[in-house]
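Chemist: Here it is: the structure, laid out below.
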Amino acid sequence: MNKISLPINSKMLKKEFIYGVATASFQIEGASDKRLPCIWDTFCAKENTVADGSNGDIACDHYNRWNEDIELIDSLGVDAYRLSISWPRVITESGELNPTGVDFYLNILKELKKRNIKAFVTLYHWDLPQHLEDNGGWLNRETSYKFAQYVDLITVAFGDLVHSYATLNEPFCSAFLGYEIGVHAPGKVGREFGKKAAHHLLLAHGLAMSVLAKNSPNTLNGIVLNFTPAYAVDDKSENILAASFADDYYNQWYIKPIFDGKYPEILQELPDNCHPEIHPGDMEVISHSVDFLGINFYTRSVYKASDDDYFEELPATGKLTDIGWEVYPQAFTELLQSLNERYDLPPIYITENGAAINDKIVDNDVVDQDRIDYYQEHLLAVNVAIESGVDIQGYFAWSLMDNFEWAEGYLKRFGIVYVDYESQIRTIKNSGHAYKTLISNR
Ligand code: GCO
């Protein structure tokens, strides 16, 4: 079926349920010469970091095409657009606002407002200014305070144009992928770094929440976390234990401090040199109340016990997307229900969900049935969670359009709009049409 449908009485068919599309600055903007360098510029310039050797210099050329891109967003009939602000575009090296960069976003925000599209702004989607990395980046506590200063300046500049602010996108990726296993910028490797970086990211979030409460009390302020639910390969107790350790290490690590003011207990089991440096008062800062929780979900992972580590992740099996991630929508429902049971949560927005498919454009058509199926199954999974009592108020497709997929470069396509990177022509895929129909049929 070429369409996405929901049960007729679904809350997700009510007008109040928000549908949107999401992007991130480094992944679409280009115009890297018109801002300060960031850690992803440096990372891309190194050998063997990005699969196709590409970078974000041009990307989707959104910097020059933002106007037509907003028209495209509007044509999909969505209620909201989730974008991120490039910190190195709006703040100079000496810490002042850069008017050219600020104007770029002001123009976008004004156009969205004119068209009645809610702006969901993410303040950090991984593009740390390089000069801050040169001072230690997220391993340096100072960076958290620099982040709060940037948030202070930019939120005043944006005034009332924004509907919602997320402090960080997926601190797990910044900390673990960037500072522990080094597959993302800045490419640092060492178990001793990951949790230190994570702590400073969470501290940055908490400090920024106070700034938002002061500067922007009327927006919906919160954070976006990603979850890859951990399943045991079977019900042997050692494998269940391994999966639960992995869940704490990768998932709960980022949510528990925010809602419970503490790290998971496995902290005690990590070697001393892997412990974050927690100053008195940090956990109170980090657990500042939030107006919403953004959840990004793509897939699950399966674990078994390991002889020489805390757990071993097994290769994905079953139906896989083009990036090798298992399609397992049931994990989405179970995740939402389990978080809802475990924590006292504010309203949830699904801030990212989507699939990489090896799309082909033929006669101006992209027949991406697998992506339509993915959206269908995952929207139903969200609906089941809502029916069981989880408060979910919106859903954003990742992504509006194909873009720079980090370590995979331009090889993986996540868009509901196809981008021809040579001509920069955008073509709505069948999934984009199906998403639009779902939204407009409400
Ligand atoms: C993330 C990021 C996005 C990615 C998407 C697909 O979740 O990793 O927020 O920037 O592009 O998730 O990997």
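Chemist: Within the range 25-36, identify whether any single residue is part of a loop (DSSP other than H, G, I, E, B), of a type in the set (Lys, Arg) and in contact with a helix residue (DSSP H, G or I) (Cβ under 9 Å, 6 or more places away or on another chain), and answer yes or no.
Modeler: Scanning the range 25-36, I find at least one residue that is part of a loop (DSSP other than H, G, I, E, B), of a type in the set (Lys, Arg) and in contact with a helix residue (DSSP H, G or I) (Cβ under 9 Å, 6 or more places away or on another chain), so the answer is yes.
Chemist: Within the range 292-313, track down each residue that is open to solvent by 10 Å² or more (accessible area, probe 1.4 Å), under 24 Å from the mean Cα position of the chain (by Cα) and not β-branched (Val, Ile, Thr).
Modeler: Tyr298, Arg300, Ser301, Glu313
Chemist: Every residue in the range 179-206 that is in a helix (DSSP H, G or I) and closer than 30 Å to Leu106 by Cα, please.
Modeler: Let us first name the residues in the range 179-206 that are in a helix (DSSP H, G or I), namely 179, 191-206.
Once the filter is applied, which keeps residues that are in a helix (DSSP H, G or I) and closer than 30 Å to Leu106 by Cα, the range 179-206 yields His200, Leu201, Leu202, Leu203, Ala204, His205, Gly206.
Chemist: If you don't mind, another one. Looking at (1) assigned to a helix (DSSP H, G or I); (2) within 16 Å of the ligand (Cβ to nearest atom); (3) not aliphatic (A, V, I, L, M), find the lone condition where Asp52 falls short.
Modeler: Failing condition for Asp52: (1).
Chemist: Right, another one. Could you tell me whether Arg371 is surrounded by 17 or more Cβ atoms within 10 Å (Cβ to Cβ), within 16 Å of the ligand (Cβ to nearest atom) and part of a helix (DSSP H, G or I)?
Modeler: When the stated conditions are applied, Arg371 passes them.
Chemist: Conditions first: (1) buried (at least 23 other Cβ atoms within 10 Å of the Cβ); (2) under 27 Å from Gly178 (Cβ atoms); (3) among the hydrophobic types (A, V, I, L, M, F, W, C). Leu335 passes all but one, so which condition is the exception?
Modeler: Status for Leu335: all satisfied but (1).
Chemist: Within the range 80-131, which residues are of a type in the set (D, E, K, R) and either open to solvent by 10 Å² or more (accessible area, probe 1.4 Å) or within 19 Å of Ser216 (Cα to Cα) (or both)?
Modeler: Residues satisfying the conditions are Arg82, Glu93, Glu96, Asp103, Lys110, Glu111, Lys113, Lys114, Arg115, Lys118.
Chemist: In addition: Of the numbered conditions (1) in contact with a Pro (Cβ under 8 Å, 6 or more places away or on another chain); (2) away from the ligand (no atom under 15 Å from the Cβ), Asn364 fails exactly one; give the number of that condition.
Modeler: (1)
Chemist: For the range 188-233, give me each residue that is within 16 Å of the ligand (Cβ to nearest atom) and open to solvent by 20 Å² or more (accessible area, probe 1.4 Å).
Modeler: Asn226, Thr228
Chemist: Looking only at the range 314-332, which residues are polar (S, T, N, Q) and open to solvent by 50 Å² or more (accessible area, probe 1.4 Å)?
Modeler: Thr317, Gln330, listed by residue number.
Chemist: Another one. Scanning for something more than 16 Å from the ligand (Cβ to nearest atom), more than 18 Å from Ala80 (Cβ to Cβ), open to solvent by 50 Å² or more (accessible area, probe 1.4 Å) and touching a residue at least 12 places away in the same chain (Cβ under 8 Å), does the range 408-420 turn up at least one residue?
Modeler: Taking every residue of the range 408-420 in turn, at least one turns out to be more than 16 Å from the ligand (Cβ to nearest atom), more than 18 Å from Ala80 (Cβ to Cβ), open to solvent by 50 Å² or more (accessible area, probe 1.4 Å) and touching a residue at least 12 places away in the same chain (Cβ under 8 Å).
Chemist: Follow-up. Being open to solvent by 10 Å² or more (accessible area, probe 1.4 Å) and under 22 Å from the mean Cα position of the chain (by Cα) is the filter; apply it to the range 375-384 and report the residue that is nearest to the ligand (Cβ to nearest atom). Before you say what the answer is, go through the steps one by one.
Modeler: Here is the first cut: in the range 375-384, the residues open to solvent by 10 Å² or more (accessible area, probe 1.4 Å) are 376-377, 380, 384.
Those still in the list that are under 22 Å from the mean Cα position of the chain (by Cα) too: 376-377, 380.
Details: Gln376: 19, Glu377: 17, Leu380: 21 Å.
Filtering the range 375-384 for residues that are open to solvent by 10 Å² or more (accessible area, probe 1.4 Å) and under 22 Å from the mean Cα position of the chain (by Cα), the one nearest to the ligand (Cβ to nearest atom) comes out as Glu377.
Chemist: Residue by residue through the range 31-53, note down the ones that are closer than 15 Å to Glu93 by Cβ and open to solvent by less than 20 Å² (accessible area, probe 1.4 Å).
Modeler: Of everything in the range 31-53, those that are closer than 15 Å to Glu93 by Cβ and open to solvent by less than 20 Å² (accessible area, probe 1.4 Å) turn out to be Cys38, Ile39.
Chemist: The conditions are (1) in contact with a helix residue (DSSP H, G or I) (Cβ under 9 Å, 6 or more places away or on another chain); (2) open to solvent by 50 Å² or more (accessible area, probe 1.4 Å); (3) in a loop (DSSP other than H, G, I, E, B), and Gly77 fails exactly one of them. Which is it?
Modeler: Single failed check for Gly77: (2).
Chemist: Restricting attention to the range 385-405, does a residue exist that is in contact with a Cys (Cβ under 9 Å, 6 or more places away or on another chain), hydroxyl-bearing (Ser, Thr, Tyr) and surrounded by fewer than 23 Cβ atoms within 10 Å (Cβ to Cβ)?
Modeler: There is no residue in the range 385-405 that is in contact with a Cys (Cβ under 9 Å, 6 or more places away or on another chain), hydroxyl-bearing (Ser, Thr, Tyr) and surrounded by fewer than 23 Cβ atoms within 10 Å (Cβ to Cβ).
Chemist: Report, by residue number, each residue of the range 7-37 that is of a type in the set (Val, Ile, Thr) and within 16 Å of the ligand (Cβ to nearest atom).
Modeler: Listed by number, the residues that qualify are Val21, Thr23, Ile28.
Chemist: Right, next: Testing Ala356 on (1) out of contact with any Asp or Glu (no Cβ under 8 Å at 6 or more places or on another chain); (2) within 16 Å of the ligand (Cβ to nearest atom), one condition comes back false. Which one is that?
Modeler: Failing condition for Ala356: (1).
Chemist: Looking only at the range 260-304, which residues are small (Gly, Ala, Ser) and on the phi < 0 side of the Ramachandran plot? Even if it seems obvious, please write down each step before you answer.
Modeler: Filtering the range 260-304 for residues small (Gly, Ala, Ser) gives 261, 281, 287, 289, 294, 301.
Ser287, Ser289, Gly294, Ser301, listed by residue number.
Chemist: Output the number of residues of the range 234-252 satisfying the condition of being within 24 Å of Gly394 (Cα to Cα) and away from the ligand (no atom under 16 Å from the Cβ).
Modeler: 1
Each row is one residue, and each column tells you yes or no for (1) in contact with an Asp or Glu (Cβ under 6 Å, 6 or more places away or on another chain); (2) part of a strand (DSSP E or B); (3) away from the ligand (no atom under 16 Å from the Cβ); (4) among the acidic types (Asp, Glu).
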site: Leu123; (1), (2), (3), (4): no, yes, no, no
site: His131; (1), (2), (3), (4): yes, no, yes, no
site: Ser144; (1), (2), (3), (4): no, no, yes, no
site: Ala148; (1), (2), (3), (4): no, no, yes, no
site: Leu153; (1), (2), (3), (4): no, no, yes, no
site: Ala157; (1), (2), (3), (4): no, no, yes, no
site: Asp160; (1), (2), (3), (4): no, no, yes, yes
site: Leu168; (1), (2), (3), (4): no, yes, no, no
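The values are calculated or read from the model by the stated rules, or taken from the named source; none is laboratory data. It should be emphasised that the depicted structure is a prediction, and the values quoted were computed from it without experimental measurement. Don't worry about glycine lacking a Cβ; one is built from the backbone with ideal geometry, like all the others, and counts go over all protein chains shown. Note: accessible area is taken over every heavy atom of the protein model, side chains too, but ligands, DNA and RNA are not part of it. Shrake-Rupley method; radii C 1.70, N 1.55, O 1.52, S 1.80 Å.
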